[in-house]
Amino acid sequence: MRIFDTKVQELKYTVLMELAWQTWRGNDAFSVFNEITNEIVKKDEPPMSCCIYKDRAIVAERIRIALGGNRKNPNVIQIIDISCDECPQAGYVVTDLCRGCVAHRCADACRVGAIKFDDEQMAHIDKEKCVECGQCANVCPYSAITNFKRPCERACKVDAISMAKDGVATIDSEKCIACGACVYQCPFGATLDVSSITDIIKTIMASENNEKFKVYAIVAPAIAGQFKYAKPGQVITAIKELGFYGVEEVALGADIVAYNEAAELSERDIMTSSCCPAFVKYIKTKFPEMKEHISSSLSPMAETGKLIKKHDPDNKVVFIGPCTAKKAEIKDPKVAQYVDYVMTFEELQALIDSKDIEVEELTETDLESASGFGRNFARVGGVTDAVTEAARERLGEDVRIDPIVCDGIDQCRIALLRASKGKLPNNFIEGMVCEGGCIGGAACLTHGAADKRSIEAYGISAKIKDIKTAVDRANER
């Protein structure tokens, strides 16, 4: 059965799985570096790039990023330089639609003299002179000049990726919101999220079967739309089989957040949600004047970790979900005290397979601590539904909630721009950077149409039907 939808994902999984397999056996990754690369890139198989030696060099870089990447680079999304050399030069280019016309309007429009013509009067752009103004493209009667963007640049909606002079992509960590869109869109896998998979394994092993300390997994509700080959309850059992002491659903943290945000919203003129870390950073970097309107609540991930560490701060907490931005979120000291590691669904699949766990053969484990509203945080509109319900349960019918739901970064931009100018009539902005919500996260196993029905069915299956009951039970722990 095909689990992933691209060969790049499969390569990423293979590296992580081999690395995990070695780590479970106590082998230091650096001591078996060559063994892993040789296992993944075999002599008798066709190379993925120009030659087997480059393939192995790329795998070696993937291993380094899986081991934490460049420690001097603060970004959780990093570039594999050796992979980032196959894209055509970006910017304005003359295509074969050029007819070599007599008018030469393109050259007349170019103020820096970057347009030259060959013997057949075909136009060419001198990249050393071109300032990417686009005037040549505007005047070409054949639309023969086009602005080509590399896939990673096109995927990045916050303009955090640019090209260095050597042609390799570079990421501006100040602009990057760690959404991971570039990771999935790069056809060569040159952009990659830093992993903590070996640290997680070592932590589980160091716990000595959870005798020295307990290791918990907290699982995002988006899990219901993943792992199509098994039931969500079987995947929960598989997580426990990995050696975790317990598994908690982050949907409980979502219930807590909704309950808190409902009360907070009743005292504010306008407020944005705080559950999506990419959205929160987007506000701080692109709309700093809106920072004061971000909900003061922690994210559902952090609230769940806080609950687990309330009675025993020595517990270790590992978040599992579809989000690369969560890897950046746990660098925030306010969150780091509650969540120790972040693992994506892609990494979870590698971890499960590294221990030869047959998920489809396992019995189901039901998680019964959250309401259906908390579980629906995984889809667009779920946060709004939960906050509206929490306001009704906690404050009655008199609270004014006039929400706007933003599905993807483009809609977030429009809502925030209007709000920053005082033009937004709504008082609550739900922002989800990934289209579809968390079920469209960059680190999902597949990236087809987000399966809202799976999430909604997961929500309906919750035995707790109201948010207050879930929150009250959490407070009684």
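Summary value for the range 384-439: 39 percent relative contact order, contacts being C-alpha pairs under 8 angstrom separated by 6+ residues. Solvent exposure of residue 421, expressed as accessible area, is near 140 Å², computed with a probe of 1.4 Å over the protein chains only. Segment residue 314..residue 53, full-extension length gain: 89.5 nm, with 0.36 nm per residue of separation and the alpha-carbon distance subtracted.
Using only Cα atoms, tell me the angle between helix 52-66 and the longest principal axis of the chain; keep it within 0 to 90° and round to the nearest 10. Between helix and principal axis, roughly 40 degrees. Taking Cα atoms only, the orientation of helix 250-265 departs from the longest principal axis of the chain by about 90 degrees. The accessible surface of the chain, taken with every protein chain in place and a 1.4 Å probe, is 48 percent carbon and sulfur. Bridging of residue 316 to aspartates and glutamates at a Cα separation below 20 Å is possible for 199, 208, 211, 241, 248, 249, 303, 329, 332, 340, 347, once same-chain residues fewer than 8 apart are set aside. Taking Cα atoms only, the orientation of helix 345-354 departs from the longest principal axis of the chain by about 70 degrees.
In the assembled protein chains, residue 477 presents an accessible area of approximately 110 Å² (probe radius 1.4 Å).
A convex hull fitted to the Cα coordinates of the range 193-269 yields 157 cubic angstrom per residue. You can think of it this way: the chain between residue 368 and residue 168 has 67.2 nm of extra reach, that is 0.36 nm per residue less the Cα-Cα gap. When +1 charges are put on Lys and Arg Cβ atoms and -1 charges on Asp and Glu Cβ atoms, the dipole computed for the chain relative to its Cα centre reaches about 920 debye. In the chain, the ratio of gyration radius to Kirkwood radius, Rg to Rh, stands at 1.02 when only Cα atoms are counted.
Each peptide in 91-98, 406-413 receives the mean, over its residues, of other Cβ atoms within 10 Å, and ordering these scores from highest gives 406-413, 91-98.
Listed by chain and number, the lysines whose alpha-carbon sits under 24 Å from that of residue 291, ignoring those within fewer than 8 places in the same chain, are 157, 175, 281, 306, 326, 327, 331, 334, 421, 423.
The values are calculated or read from the model by the stated rules, or taken from the named source; none is laboratory data. Small disclaimer: the values here were computed from a predicted structure and weren't measured. As a convention, Cβ positions derive from the backbone with ideal geometry for all residues, glycine included, and neighbour counts pool all protein chains shown. Each accessible area value is taken on the protein alone, full model and side chains, heavy atoms only, with ligands, DNA and RNA left out. Shrake-Rupley method; radii C 1.70, N 1.55, O 1.52, S 1.80 Å.
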